[in-house]
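Below is one structure, written out as structure tokens, with a few remarks after it.
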Amino acid sequence: MSARAVTHYEDRIVTAFTACAIVWSVLGMIAGAYAAAELVWPELNFGIPWLSFGRLRTGHTNIVVFGFGASALIGTSFYSVQRTSHVRLFAPWLAWFVFYAWQLTIVLGGWSLLAGWNTSKEYAELEWPFDIAIAVAWIAYGVVFFGTIARRKVGPIYISNWFYGSLIIVIAMLHVVNNLELPATMSKSYSLFAGAQDAIVEWWYGHNAVGFLLTGGFIGMLYYFLPKQAEQPIWSYRLSIVAFWAFVYSYIWAGPHHLHYNAIPEWVQSLGVVMSLVLLAPSWATMINGIMTVANAWRKLKTDPALKFIVLALAFYGLATFEGPMLAIRSVNVMSHFTEWTIGHVHSGALGWNALITFGTFYYLVPKLAGKPLHSVAMANLHFWLALAGIMLYIISMWGAGLSQSLLWLSLDDLGEVRYSFVDVVRAMAPYYTLRLVGGLLFLSGTLLMAENMRRTFAGTRTVTVEPPILVPAHRVAMSPVSEP
Amino acid sequence: MSLLGLHKAIENNTGLLIFGILVVASIGGLVQVLPTTLDDSLHAPAPNVVPYPPLELIGRDIYIREGCSTCHSQQVRPLLAEVKRYGPYARSGEFAYDRPFLWGSKRTGPDLLREGGKYSDVWHRVHMTNPRAVVAASIMPAYPWLAQRAANIDGDIEARLRTLRRLGHPYTDEVVQSAAKSLEGKTELDAVIAYLQWLGRHAADAPEEHAGH
């Protein structure tokens with residue numbers, strides 16, 4: 001390396017990923033709101049194939065999870081891994097390859113889903129050409145990320161990098177196995193697994209895509225940006241590490257709770273229940289660790305919108321990770337499976353936890369990248385209340401809808417026959433679907449407000465150049481969980 | 001090496017951390033998922049369960065393309081109310097030729113595992129073209145484009161059958177070679193209806209408690 005080599009942090013790529021994440025969040029939520037409206041007014045697809053519910057809903061989930069969620073995770077991990085390693089990103093050109101490959105995959109992949117290229121395996125609907133593109137981009141991401149850690153100038157690897165690292169490794173494993181398929185044409189492949197076995201593999205993937213992308217990755221985000229924002233060290237570093245291994249070990253087992261009373265072996269289902277309940281411990285350990293970290297900084301909540309979002313996200317994380325294990329119990333699952341309750345549960349996690357912690361992080365990150373304060377704190381505060389109101393309306397309406405569905409579906413009359421026809425139950429859903437649409441629109445309006453706030457914050461500036469600190473970090477000892485006696 | 005010593009090594013070594021995560025995250029899959037993928041009893045076809053004929057296969061692939069499984073499950077659980085409503089509960093041997101599985105996770109519309117024979121072809125034709133013409137409160141989208149497209153519009157039925165044969169579906173040469181011909185004059189709507197009528201009618205050893213529909 002020459003003496004004049006570039007040493008400053010590669011932050012322009014963080015800006016690029018952040019901008020794309022914001023665009024995808026808006027587009028993904030518009031698609032979601034439109035799909036919700038189609039359940040209220042079924043004629044809204046106007047006979048256009050790509051606008052019909054089955055295709056649009058698939059586009060919605062993929063754009064939100066892989067466009068918004070993954071872009072936010074890759075971007076923030078590139079930001080934090082440099083700062084926790086005190087080095088510039090490893091192979092920036094490869095990082096830019098990850099950026100372009102990923103965004104191109106989302107653009108073309110989103111188009112392909114609306115065009116009807118669809119494997120139908122949940123959260124893995126993209127067809128085989130995109131599966132290969134994702135695998136290549138993901139491995140490149142891993143090389144950049146772990147390459148940066150390997151060249152770090154700080155002693156122990158900081159905990160946020162463990163969680164981001166588990167995201168990279170486990171998603172790679174799940175993605176490759178679940179998408180084993182034989183192509184018949186450019187747009188059509190057949191799964192290597194069939195029937196019950198395909199179902200077990202799919203939910204091993206599906207549950208852990210939620211586990212490691214939507215949970216593990218975002219905990220990585222939490223462990224870097226929460227202490228920064230609260231200006232407090234993590235309450236218990238040791239707890240974060242114990243919870244990490246418990247999380248990585250136990251999440252993987254929980255998939256079969258998506259297949260209760262389905263045609264798979266009972267021992268697989270039972271193991272799924274037990275491990276789902278076990279999962280409560282690491283989940284709440286992380287939640288408690290986060291809340292206690294803020295405990296000395298409650299005053300900041302009055303003035304700091306970013307911290308407010310992160311704390312509310314923690315509350316929803318606690319709620320969703322309590323509800324999850326409960327829904328995994330077979331006798332509860334009988335009532336919740338196949339109903340809107342599942343949809344509500346997913347959104348308390350996706351909106352309440354993933355979106356809110358990302359928004360909080362962006363409210364901290366974008367002013368840092370732009371080198372000037374947030375354009376409007378008032379807009380951010382309004383966003384906070386719109387988001388909270390939207391989520392509450394969404395979850396409560398889906399709880400009501402889900403419970404009504406299962407009670408009506410399972411109700412038998414005095415002669416032992418089903419009491420309500422299916423369409424009776426569809427009719428009963430109308431008010432809930434309308435409420436949910438209102439909730440979704442409230443949340444979307446908050447997101448639009450944020451996008452505009454961010455645009456104005458960044459208008460007329462470029463990403464600030466930051467050099468890594470030269471000194472050996474003073475917090476080296478404090479960061480180590482294992483202090484010598 | 002003590003546990004804490006091992007941990008100190010892991011948190012200071014990138015390679016060890018990667019390896020540690022990989023090992024710990026693999027245990028669940030190795031104990032729980034791998035054995036089920038190797039369990040022959042889970043993919044042995046039940047008696048009378050045969051691969052989808054070309055028209056039904058195309059219908060199934062269209063069902064997948066349109067995301068029908070977003071709203072319709074194909075998995076009757078062994079609960080009295082479900083057996084009463086839909087028919088015999090699902091057993092693993094019925095799905096031996098389902099690539100991918102279509103059990104679904106949501107019932108915005110009814111379960112379709114036992115749909116075959118419940119309604120006439122004509123009913124389905126009207127329903128798919130305009131659901132509210134036959135079920136006033138239905139919120140299903142209309143699929144008018146299915147009737148306007150030929151079932152074998154991309155001319156790839158042979159490629160589909162050959163791919164499935166490589167995966168072990170016992171299609172004879174005769175079926176593969178005559179497939180394109182057998183689809184002539186059929187629309188995508190014909191294919192979807194054929195698939196819906198096929199559903200659930202080939203599980204001969206259906207459990208006794210079938211309530212009948």
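The values are calculated or read from the model by the stated rules, or taken from the named source; none is laboratory data. Not measured: the values here are computed from a predicted model. With ideal geometry, Cβ positions are generated from the backbone for all residues, glycine too; neighbour counts draw on all protein chains shown. When the accessible area is computed, the model is the full protein with side chains, heavy atoms only, and any ligands, DNA or RNA have been set aside. Shrake-Rupley method; radii C 1.70, N 1.55, O 1.52, S 1.80 Å.
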Task: Residue list for the range B:77-97, restricted to those being buried (at least 22 other Cβ atoms within 10 Å of the Cβ), farther than 20 Å from residue A:334 by Cα and facing another protein chain (nearest Cβ under 7 Å) - done: B:95
- [ ] Kindly indicate whether any position in the range A:59-81 is at pLDDT below 95 and of a type in the set (Gly, Ala, Ser).
- [x] no
- [ ] Kindly indicate whether residue A:368 is modelled with pLDDT of 95 or more and among the charged types (D, E, K, R).
- [x] yes
- [ ] Mind telling me which of the residues A:241, A:252, A:264 ends up being outside any helix (DSSP H, G or I), touching a residue at least 40 places away in the same chain (Cβ under 8 Å) and hydrophobic (A, V, I, L, M, F, W, C)?
- [x] A:264
- [ ] For the range B:21-47, enumerate the residues that are outside any helix (DSSP H, G or I) and more than 7 Å from chain A (Cβ to nearest Cβ).
- [x] B:39, B:44, B:45, B:46, B:47
- [ ] Kindly list the number of the only condition in (1) surrounded by 22 or more Cβ atoms within 10 Å (Cβ to Cβ); (2) within 17 Å of the chain's Cα centre (by Cα); (3) within 15 Å of residue B:200 (Cβ to Cβ); (4) not charged (D, E, K, R) that fails for residue B:100.
- [x] (3)
Open item on the list: If residue A:89 meets every condition in (1) aliphatic (A, V, I, L, M); (2) in a loop (DSSP other than H, G, I, E, B); (3) within 24 Å of residue B:72 (Cα to Cα) apart from one, which number is that one?
Closed with: (3)
TODO: Would you mind finding the one in B:182, B:178 that is open to solvent by 30 Å² or more (accessible area, probe 1.4 Å) and in contact with a Pro (Cβ under 7 Å, 6 or more places away or on another chain)?
DONE: B:182
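Residue-by-condition table, conditions (1) modelled with pLDDT of 95 or more; (2) assigned to a helix (DSSP H, G or I); (3) farther than 22 Å from residue A:431 by Cβ; (4) in contact with a Lys or Arg (Cβ under 9 Å, 6 or more places away or on another chain):
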residue: A:381; (1), (2), (3), (4): yes, yes, yes, yes
residue: A:384; (1), (2), (3), (4): yes, yes, yes, yes
residue: A:387; (1), (2), (3), (4): yes, yes, yes, no
residue: A:394; (1), (2), (3), (4): yes, yes, no, yes
residue: A:399; (1), (2), (3), (4): yes, yes, no, no
residue: A:402; (1), (2), (3), (4): yes, yes, no, no
residue: A:414; (1), (2), (3), (4): no, no, yes, no
TODO: Quick one: which residue in A:116, A:165, A:142 is at positive phi and at the interface with chain B (Cβ under 9 Å from one of its Cβ atoms)?
DONE: A:116
Task: Condition met for residue B:61 (assigned to a loop (DSSP other than H, G, I, E, B), open to solvent by less than 20 Å² (accessible area, probe 1.4 Å) and not polar (S, T, N, Q)) - done: no
Open item on the list: I'd like the full set of residues that are closer than 17 Å to residue B:113 by Cα and more than 9 Å from chain A (Cβ to nearest Cβ), limited to the range B:48-68.
Closed with: B:48, B:49, B:50, B:51, B:52, B:56, B:57, B:59, B:60
Task: Residue check, residue A:243 among the small types (Gly, Ala, Ser), in contact with a Gly (Cβ under 9 Å, 6 or more places away or on another chain) and surrounded by 19 or more Cβ atoms within 10 Å (Cβ to Cβ) - done: no
Task: From B:139, B:157, B:153, residue being more than 26 Å from residue A:342 (Cβ to Cβ) and either hydroxyl-bearing (Ser, Thr, Tyr) or open to solvent by 20 Å² or more (accessible area, probe 1.4 Å) (or both) - done: B:153
- [ ] For residues that are in a loop (DSSP other than H, G, I, E, B), in contact with a helix residue (DSSP H, G or I) (Cβ under 8 Å, 6 or more places away or on another chain) and either open to solvent by 40 Å² or more (accessible area, probe 1.4 Å) or not aliphatic (A, V, I, L, M) (or both), tally how many sit in the range A:267-309.
- [x] 1
Task: Criterion (within 30 Å of residue B:60 (Cα to Cα), open to solvent by 20 Å² or more (accessible area, probe 1.4 Å) and not in a helix (DSSP H, G or I)) met by exactly one of A:47, A:116 - done: A:47
- [ ] Test residue B:41 against the stated conditions and say whether it is farther than 28 Å from residue B:93 by Cα, open to solvent by 50 Å² or more (accessible area, probe 1.4 Å) and of a type in the set (Ser, Thr, Tyr).
- [x] no
TODO: Please find, among A:188, A:153, the residue that is more than 10 Å from every other protein chain (Cβ to nearest Cβ), at negative phi and open to solvent by 10 Å² or more (accessible area, probe 1.4 Å).
DONE: A:153
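Yes/no matrix, rows are residues, columns are (1) crowded, with 17+ Cβ neighbours inside 10 Å; (2) more than 14 Å from every other protein chain (Cβ to nearest Cβ); (3) modelled with pLDDT of 95 or more; (4) within 30 Å of residue B:90 (Cα to Cα):
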{"residue": "A:263", "(1), (2), (3), (4)": "yes, no, no, yes"}
{"residue": "A:320", "(1), (2), (3), (4)": "yes, yes, yes, no"}
{"residue": "A:323", "(1), (2), (3), (4)": "yes, yes, yes, yes"}
{"residue": "A:336", "(1), (2), (3), (4)": "yes, no, yes, yes"}
{"residue": "A:339", "(1), (2), (3), (4)": "yes, no, yes, yes"}
Open item on the list: With the structure loaded, tell me whether residue B:147 is within 9 Å of chain A (Cβ to nearest Cβ), touching a helix residue (DSSP H, G or I) at 6+ places or on another chain (Cβ under 6 Å), not hydroxyl-bearing (Ser, Thr, Tyr) and not in a loop (DSSP other than H, G, I, E, B) or whether it fails that test.
Closed with: no
Open item on the list: Between A:162, A:204, which is over 16 Å from the mean Cα position of the chain (by Cα), open to solvent by less than 10 Å² (accessible area, probe 1.4 Å) and at pLDDT 95 or above?
Closed with: A:162
